[in-house]
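Q: Here it is, the structure, as structure tokens.
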Amino acid sequence: MQRFQLYINGQFEDGGGRFASIDPATGEAWADMPEARKAEVDRAVNAAEAALWSGPWANMTATQRGKLLYKLADLVAANAARLAELETRDTGKIIRETSSQIAYVADYYRYYAGLADKIEGAYLSIDKPDMDVWLRREPIGVVAAIVPWNSQLFLSAVKLGPALAAGCTVVVKASEDGPAPLLEFARLIHEAGFPAGVVNVITGFGPSCGSALTRHPKVAHIAFTGGPGTAAAVVRNSAENLASTSLELGGKSPFVVFADADLESAANAQIAGIFAATGQSCVAGSRLIIEASVKDRFLAILKSRAEAIRIGEPLDMATEVGPLCTERQRALIEKTIDASIAAGAKLVTGGRKLGDKGFYYAPTVLDCDHVTSPSVETELFGPVLSVLSFQTEEEAVRLANDTQFGLASGVFTQNLTRAHRMIKRIRAGVVWVNTYRAVSPIAPFGGFGQSGQGREGGLAAALDYTRTKTVWVRTSDDPIPDPFVMR
Ligand code: TXE
């Protein structure tokens, strides 16, 4: 079995325990993982705290920090194929997706490398004579970055990039499900020459490792991606250290198609929107809201596309949909689909486990019109599309917003004024019009409601990793008068 290590204070080590990582394509253990427990979390946070205040990182210019980030970006690009293979092996995300996504991760580091020396303070026109007052922007402190199993290199880059650009130090916790790519990425941090303690990469279980990290008194900010239930625990933990939090929590994103849309094009976007990453994507367009007059036509296209998808070995470049990452996830999907069918939802296609090994589930389309289906409400994080239809624009808006989540949304129409009305009325952090799933380091990303708070990506994200220090300098040489003498 391949063996991985933690990275704490510039050293690779075995951790307080070990656990086996499962290959989702076979259901069998393939790698031996290190487990960080409270002692390792303590050492990682202490190392990050020490590196923040003294030593080479604390004394580096922002431009030098940027150069290290550029070097890291180059190393990610050079090692993308190897990292992609590890992610595919450990999480089941197909190789054609991990290869392109990890190559793009390098661009996220480049974007924040360039930003490092463009984070500015401010000079204030203060209302008092003989005073210079300005704001310094300083790193917020030690950051705990916690990621789930899907896209660990990408989801850590949107935290590490801005945090390091801002001068913070970081403890990254990889998910216990599929930590291989992130643990391997630590070798690139080391090779790039980041001083010891600036980036620590650990993995372990939520109740022990995650909990110790999020309540650690030296953690100043927690950047979390995961499920809403865990996010609530993280926020409760942060009541102990008063760390600030940013939360990216997935969704149940509406994919709204009007009858005037280019249906072929919208169907391609919908297929990618729900079946890419086997549906294990926070922006999955998992609720199709289709104008009733074109519903049958659109579902016929989706059915034939879904049934033609090549399902197979995730490491095979020809595979289009792979397994789910965990049996736990597949069990949740099965249970919810059974309950939805019992409630009256109709299977258009899929709705069953595939194969006798690994965690495969067929791409599934469920017609949930006029039914209270659990599949419409629950984030399934799998290849399951629930379909609802509407007669009027008003109804489309109501259905789109009928969710506790609010991360992403898609609107397909050729009517310009309607597109603008929908953009304004949909309650979600991202609206894609006649496209879906586009992301960029330049564009902020994040949700409303149960989809979380805070934004990742873009310039503002780097500022979120800073805090201001207000500086008052008296510029007069006159002595300060005795405060107790009346004038
Ligand atoms: O995520 P968890 P799970 C949704 C999706 C999925 C559900 C549960 O619907 O079905 O969440 O997934 C760490 N303190 N998303 O259970 O538990 C954990 O070790 C601190 C949406 O796998 O949220 C892991 O590193 N940390 C989402 C990370 O939190 C704790 C992506 C995420 O795990 C902790 C993933 C604790 N008490 C799931 N408990 C998206 N936004 O894309 C666990 N963790």
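The values are calculated or read from the model by the stated rules, or taken from the named source; none is laboratory data. Please read these numbers as outputs of a predicted model, since none were measured by experiment. Backbone-built Cβ (ideal geometry, glycine too); neighbour counts: all protein chains shown. Just so you know, the surface numbers come from the protein's heavy atoms only, side chains and all, with ligands and any DNA or RNA stripped out. Shrake-Rupley method; radii C 1.70, N 1.55, O 1.52, S 1.80 Å.
Q: Please count how many residues of the stretch 199-220 are more than 8 Å from the ligand (Cβ to nearest atom) and open to solvent by less than 10 Å² (accessible area, probe 1.4 Å). I'd like the intermediate steps shown before the answer.
A: Quick first cut of the stretch 199-220, residues more than 8 Å from the ligand (Cβ to nearest atom) only: 199-202, 208, 212, 215-220.
Those left that are additionally open to solvent by less than 10 Å² (accessible area, probe 1.4 Å): 199-202, 219.
Selection size over the stretch 199-220: 5.
Q: Sticking with this structure for a sec: What are the residues in the stretch 241-259 that are free of Cβ contacts under 8 Å to residues at least 40 places away in the same chain and within 12 Å of the ligand (Cβ to nearest atom), if any? Steps first, please.
A: We begin by selecting, within the stretch 241-259, every residue free of Cβ contacts under 8 Å to residues at least 40 places away in the same chain; these are 241-242, 259.
Residues satisfying the conditions do not exist here.
Q: If you take the residues of the stretch 467-484 that are aliphatic (A, V, I, L, M) and at pLDDT 95 or above, which of them is farthest from residue 163 (Cα to Cα)? Break it down stepwise before answering.
A: Taking the stretch 467-484 first, the residues aliphatic (A, V, I, L, M) are 471, 473, 480.
After this cut, where a residue has to be at pLDDT 95 or above as well, the list is 471, 473.
Details: 471: 23, 473: 29 Å.
By that ranking, first place goes to 473.
Q: Considering every residue within the stretch 349-368, establish whether at least one is touching a Leu at 6+ places or on another chain (Cβ under 8 Å) and without any contact (Cβ under 8 Å) to a residue 24 or more places away in the chain.
A: Looking through the stretch 349-368, at least one residue is touching a Leu at 6+ places or on another chain (Cβ under 8 Å) and without any contact (Cβ under 8 Å) to a residue 24 or more places away in the chain.
Q: Can you name the residue in the stretch 221-240 that is more than 9 Å from the ligand (Cβ to nearest atom) and buried (at least 17 other Cβ atoms within 10 Å of the Cβ) and is also nearest to residue 78 (Cα to Cα) among such residues?
A: Among residues in the stretch 221-240 that are more than 9 Å from the ligand (Cβ to nearest atom) and buried (at least 17 other Cβ atoms within 10 Å of the Cβ), the one nearest to residue 78 (Cα to Cα) is 223.
Q: For the stretch 168-185, what are the residues that are over 27 Å from residue 233 (Cα atoms) and surrounded by fewer than 24 Cβ atoms within 10 Å (Cβ to Cβ)?
A: Of the stretch 168-185, the ones over 27 Å from residue 233 (Cα atoms) are 184-185.
Residue satisfying the conditions is 184 alone.
Q: Of the residues 25, 47, 31, which single one is assigned to a helix (DSSP H, G or I) and surrounded by 16 or more Cβ atoms within 10 Å (Cβ to Cβ)? Steps first, answer last, please.
A: Details: 25 fails: assigned to a helix (DSSP H, G or I); 31 fails: assigned to a helix (DSSP H, G or I).
Result: 47 is the single residue among 25, 47, 31 that is assigned to a helix (DSSP H, G or I) and surrounded by 16 or more Cβ atoms within 10 Å (Cβ to Cβ).
Q: So, of the residues in the stretch 313-348 that are open to solvent by less than 10 Å² (accessible area, probe 1.4 Å), β-branched (Val, Ile, Thr) and touching a residue at least 60 places away in the same chain (Cβ under 8 Å), which turns out to be nearest to the ligand (Cβ to nearest atom)?
A: Within the stretch 313-348, the match that is nearest to the ligand (Cβ to nearest atom) is 321.
To keep it simple, each residue is scored yes or no on (1) within 14 Å of the ligand (Cβ to nearest atom); (2) in contact with a Ser or Thr (Cβ under 8 Å, 6 or more places away or on another chain); (3) open to solvent by 30 Å² or more (accessible area, probe 1.4 Å).
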| position | (1), (2), (3) |
| --- | --- |
| 373 | no, yes, no |
| 392 | no, no, yes |
| 396 | no, no, no |
| 399 | no, no, no |
| 418 | no, no, yes |
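Q: Pick from the stretch 401-416 the residues that are of a type in the set (A, V, I, L, M, F, W, C) and open to solvent by less than 60 Å² (accessible area, probe 1.4 Å): which of them is farthest from residue 435 (Cα to Cα)? Full working, then the answer.
A: From the stretch 401-416, those of a type in the set (A, V, I, L, M, F, W, C) are 405, 407-408, 411-412, 416; that's our starting set.
Retained after the next criterion (residues that are open to solvent by less than 60 Å² (accessible area, probe 1.4 Å)): 405, 407-408, 411-412.
Details: 405: 20, 407: 15, 408: 12, 411: 8, 412: 8 Å.
If we take residues in the stretch 401-416 being of a type in the set (A, V, I, L, M, F, W, C) and open to solvent by less than 60 Å² (accessible area, probe 1.4 Å), then 405 is farthest from residue 435 (Cα to Cα).
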